[in-house]
């Protein structure tokens, strides 16, 4: 296990390079095999993880450019562990769901394996430059996946996705370089090590501008209102596998960035900007939920729903207490599982009918009962039904936010009602009532390939909805350590008073 993190990061990339010489007919089987090995390695990491240790584990450190303090530095804690496992799981299931007649299958598999490397690299990096390299490299395979396999306006969607995220990343890079410069001024040495940065005392003015620089990169990736406009179009044009990975994993890079960088490094600025962030998050939650209700396209409903749920995650992050922050990290996993499954389900019906418009369906429950059942389970998890994975994270986030703002919690909680309205409306229009087209009477239910991809997600939705402790406990320990770090690192008394470190175990 000494180099397990490096293996997790680079194994998909090495396999992707070797994939160029794999026979076209064997490309999908090769991709499934590689992704399965990656998932087994990630689960092995979990099995060896010490849940009582809230700090970084399995760390690796090797100098890269010593004179500038750049090093290959990776590690994992309870915050990043399960996001890595989710990335491996979603990649595997997404590849399984690919149709055997997917055009240029070999190129798709290679792109997905390289994308998996960048995603895992982002969540395990402890050096800011290495983090940034993985962050930027993730744009390339996703750009190609949308542009090569997307819908009629795929090029426009791919370019818009790239320009939005790349512009924010450049501003974030300025902030990262400024952090290294300030560390050099104080210590006399250069370092891009996050753990070194956690010890740096910055003035309130320095924290203010650095927070804005980080905000530009992270907020666009989330995406926060009003930077969210690239996401629905990207989802609308991306192929199913692109939408699945984009919603399940790539968006979490933004919220993870706030947790890993903004909160522990810039605690005073984080508290200062909390009202602003909360206001934007509440707008995200309510506005995009209402926009979702107005959509006629199933995929667009889920895309705007995804933005709304990301707003709930942001509320939990900036509640800055154990319940809210722990709940937001759990909700990252929940949202990844549920939104990924919903995009898979939309892809299934689109493959059969060539449309995603709800009014074109009706009565699907009669001809596709298994499909309707799986869709219903994921729908209920999306709206936060108790005993599903969606309830746990949302409950903890709202509980944490309640300690900060009662009125804000009521407003945020309204998304549960609005979400129930538009998701149940989608379900009613598509699955019940008269069949609108006779050709839909001959639609086939889920086949073995689709069940193999979807049933594991159904099992996770129920398992972690009923018994979330195996995941919540490691998250909770690392979250409490993060909050203690923030409280100790804060220079303003108002900040220390605002950071509530809960001593109770989140269950």
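List of remarks:
- Qualifying positions in segment 65-83 - surrounded by fewer than 19 Cβ atoms within 10 Å (Cβ to Cβ) and modelled with pLDDT under 90: 65, 66, 67, 68
- Residue that is farthest from residue 79 (Cα to Cα), among those in segment 1-22 that are in contact with a helix residue (DSSP H, G or I) (Cβ under 7 Å, 6 or more places away or on another chain) and assigned to a loop (DSSP other than H, G, I, E, B): 22
- Unmet requirement for residue 119, which otherwise passes all of (1) touching a strand residue (DSSP E or B) at 6+ places or on another chain (Cβ under 8 Å); (2) crowded, with 17+ Cβ neighbours inside 10 Å: (1)
Condition check ((1) over 25 Å from residue 222 (Cα atoms); (2) in contact (Cβ under 8 Å) with a residue 12 or more places away in the chain; (3) buried (at least 24 other Cβ atoms within 10 Å of the Cβ)) across all residues:
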position	(1), (2), (3)
343	no, yes, yes
353	yes, yes, no
359	yes, yes, no
367	yes, yes, no
370	yes, yes, no
391	no, yes, no
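- Checking residue 133 against (1) crowded, with 22+ Cβ neighbours inside 10 Å; (2) under 21 Å from residue 9 (Cβ atoms), the condition it does not meet: (1)
- Per the conditions (1) crowded, with 16+ Cβ neighbours inside 10 Å; (2) more than 17 Å from residue 328 (Cβ to Cβ); (3) modelled with pLDDT of 90 or more, the sole criterion not satisfied by residue 459 is (1).
- Residue check for residue 246: under 15 Å from residue 310 (Cα atoms), part of a helix (DSSP H, G or I) and under 25 Å from the mean Cα position of the chain (by Cα): yes
- The single condition among (1) farther than 20 Å from residue 486 by Cβ; (2) touching a helix residue (DSSP H, G or I) at 6+ places or on another chain (Cβ under 9 Å); (3) without any contact (Cβ under 8 Å) to a residue 60 or more places away in the chain that residue 250 does not meet is (3).
- Qualifying residue in segment 98-110 (condition: in a loop (DSSP other than H, G, I, E, B), surrounded by fewer than 18 Cβ atoms within 10 Å (Cβ to Cβ) and without any contact (Cβ under 8 Å) to a residue 40 or more places away in the chain): yes
- Some residue of segment 44-64 being out of contact with any strand residue (DSSP E or B) (no Cβ under 8 Å at 6 or more places or on another chain), under 14 Å from residue 120 (Cα atoms) and either at pLDDT 90 or above or buried (at least 18 other Cβ atoms within 10 Å of the Cβ) (or both): no
- With respect to (1) part of a helix (DSSP H, G or I); (2) farther than 29 Å from residue 65 by Cβ; (3) at pLDDT 85 or above, the lone exception for residue 259 is condition (2).
- Any hit, segment 45-68, residues being under 24 Å from residue 141 (Cβ atoms), without any contact (Cβ under 8 Å) to a residue 60 or more places away in the chain and under 24 Å from the mean Cα position of the chain (by Cα): yes
- All told, residue 307 meets the bar of being buried (at least 23 other Cβ atoms within 10 Å of the Cβ), under 18 Å from the mean Cα position of the chain (by Cα), assigned to a helix (DSSP H, G or I) and at pLDDT below 90.
- Being under 27 Å from residue 349 (Cβ atoms), part of a loop (DSSP other than H, G, I, E, B) and under 23 Å from the mean Cα position of the chain (by Cα) is a condition met by no residue of segment 23-38.
- When residue 349 is tested against the conditions (1) buried (at least 21 other Cβ atoms within 10 Å of the Cβ); (2) in a loop (DSSP other than H, G, I, E, B); (3) modelled with pLDDT of 90 or more, the lone failure is (2).
- With respect to being outside any helix (DSSP H, G or I) and either surrounded by 24 or more Cβ atoms within 10 Å (Cβ to Cβ) or touching a helix residue (DSSP H, G or I) at 6+ places or on another chain (Cβ under 9 Å) (or both), residue 295 fits the description.
Residues checked against (1) buried (at least 19 other Cβ atoms within 10 Å of the Cβ); (2) part of a helix (DSSP H, G or I):
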residue	(1), (2)
155	no, yes
170	no, yes
181	no, yes
190	no, no
202	yes, no
207	yes, yes
215	yes, yes
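- Among all positions in segment 472-483, there is no residue which is surrounded by fewer than 16 Cβ atoms within 10 Å (Cβ to Cβ) and either in contact (Cβ under 8 Å) with a residue 24 or more places away in the chain or out of contact with any strand residue (DSSP E or B) (no Cβ under 7 Å at 6 or more places or on another chain) (or both).
- Of the residues making up segment 403-421, those that are closer than 27 Å to residue 463 by Cβ and surrounded by fewer than 24 Cβ atoms within 10 Å (Cβ to Cβ) are 413, 416, 417, 420.
The values are calculated or read from the model by the stated rules, or taken from the named source; none is laboratory data. This one's a predicted model, so the numbers in the text were calculated from it and none came from an experiment. Neighbour counts are summed over all protein chains in view; Cβ atoms, including those assigned to glycine, are modelled from backbone coordinates with ideal geometry.
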